[in-house]
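Chemist: This is the structure, below, for whatever I ask next.
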Amino acid sequence: SYLIVDGYSNASDYSGGYSMFIEECVTTCENKGCNEDNGCGTACGCTAGFCDPASGECVDQLPGNTCDAASPITDFGTTYFGDTTDATNDYSFDNCGAASGKGGASNDQVWSFESEPGATYTITLDPVGWDPVLYAIAASDCSNIDGTCLDATDSGASGGDETITITAPADGGTIFVF
């Protein structure tokens, strides 16, 4: 490798003294998770697939990227963290609750839980600097979001909280939250 120091002009001579500082950083990711620092200030990452931030493992599909791989909600009264940045755009709806025509151009993540028959759940999403839509369905899969919608909201502006209160079906079952 060569590093060349030169004057900027093609018409006049610009030359003179200078100082230069060069620092080397060699990345080290052996025996490290994909979400760990490589020694140079960035994450090790994955050569293929996605980095699961929870486990630090490279996976074919991010947890929560589809309904088939929905992230489980196992404890109520607990804060869960997510990021749709590396997810894909798989879901949207035409009419759901008080919102219509949402989610068609954005990446989404799916969460799920087993509901108690007739129980009421309040779900609040606190975004970090972006404008999400929050919606929930009661279904065995995600093939008919409009037909299985429990509620949706897009009332918060960019960075504003979104909250829905839903009631599980009389026979309980799986609730998917987007």
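Chemist: Give the range 126-149 a look and list any residue that's open to solvent by less than 60 Å² (accessible area, probe 1.4 Å), touching a residue at least 12 places away in the same chain (Cβ under 8 Å) and either touching a strand residue (DSSP E or B) at 6+ places or on another chain (Cβ under 6 Å) or closer than 13 Å to PHE178 by Cβ (or both), or say none.
Modeler: Within the range 126-149, the subset open to solvent by less than 60 Å² (accessible area, probe 1.4 Å) is 127, 132-139, 142, 145, 147-149.
Okay, now just the ones that are also touching a residue at least 12 places away in the same chain (Cβ under 8 Å), so 127, 132-139, 142, 145, 149.
Selection gives PRO132, VAL133, LEU134, TYR135, ALA136, ILE137, ALA138, ALA139, CYS142, ILE145, CYS149.
Chemist: Please pick out the residue among THR78, THR74 that is out of contact with any Leu (no Cβ under 9 Å at 6 or more places or on another chain), in contact (Cβ under 8 Å) with a residue 12 or more places away in the chain and either exposed (fewer than 14 other Cβ atoms within 10 Å of the Cβ) or of a type in the set (Ser, Thr, Tyr) (or both). Step through it out loud before you land on a result.
Modeler: On the way: THR78 fails: in contact (Cβ under 8 Å) with a residue 12 or more places away in the chain.
One residue alone meets the criteria, THR74.
Chemist: Out of the range 158-168, which residues are open to solvent by less than 70 Å² (accessible area, probe 1.4 Å) and farther than 18 Å from TYR121 by Cα?
Modeler: GLY159, GLY160
Chemist: Determine which member of the set GLY64, GLY41 is assigned to a loop (DSSP other than H, G, I, E, B) and over 27 Å from ILE123 (Cα atoms). Lay out the reasoning, then the answer.
Modeler: Details: GLY64 fails: over 27 Å from ILE123 (Cα atoms).
Among GLY64, GLY41, only GLY41 is assigned to a loop (DSSP other than H, G, I, E, B) and over 27 Å from ILE123 (Cα atoms).
Chemist: Given the conditions (1) modelled with pLDDT of 90 or more; (2) open to solvent by 30 Å² or more (accessible area, probe 1.4 Å); (3) of a type outside the set (Phe, Trp, Tyr); (4) not in a strand (DSSP E or B), report the number of the one that ASP108 does not fulfil.
Modeler: (2)
This table checks each residue for (1) β-branched (Val, Ile, Thr); (2) more than 30 Å from VAL59 (Cα to Cα); (3) touching an Asp or Glu at 6+ places or on another chain (Cβ under 7 Å).
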{"residue": "TYR2", "(1), (2), (3)": "no, yes, no"}
{"residue": "GLY17", "(1), (2), (3)": "no, yes, no"}
{"residue": "PHE21", "(1), (2), (3)": "no, yes, no"}
{"residue": "GLU30", "(1), (2), (3)": "no, no, no"}
{"residue": "GLY33", "(1), (2), (3)": "no, no, yes"}
{"residue": "GLU36", "(1), (2), (3)": "no, no, no"}
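Chemist: Here's a follow-up. Would a scan of the range 76-91 turn up a residue that is assigned to a strand (DSSP E or B) and farther than 12 Å from PHE178 by Cα?
Modeler: So in the range 76-91, the residues assigned to a strand (DSSP E or B) come out as none.
No, that holds for no residue.
Chemist: Which residues, counting only those in the range 81-105, are open to solvent by 30 Å² or more (accessible area, probe 1.4 Å), among the hydrophobic types (A, V, I, L, M, F, W, C) and more than 18 Å from the chain's Cα centre (by Cα)?
Modeler: If the condition is that a residue be open to solvent by 30 Å² or more (accessible area, probe 1.4 Å), among the hydrophobic types (A, V, I, L, M, F, W, C) and more than 18 Å from the chain's Cα centre (by Cα), then ALA98 is the only one that fits.
The values are calculated or read from the model by the stated rules, or taken from the named source; none is laboratory data. What you are looking at is a predicted structure, and each value in this text was computed from that prediction instead of being measured. For neighbour counting, all protein chains shown are included, and Cβ atoms are generated from backbone atoms with ideal geometry for every residue, glycine included. The protein model used for the area step is the full one, side chains on, heavy atoms only, and it has no ligands, DNA or RNA in it. Shrake-Rupley method; radii C 1.70, N 1.55, O 1.52, S 1.80 Å.
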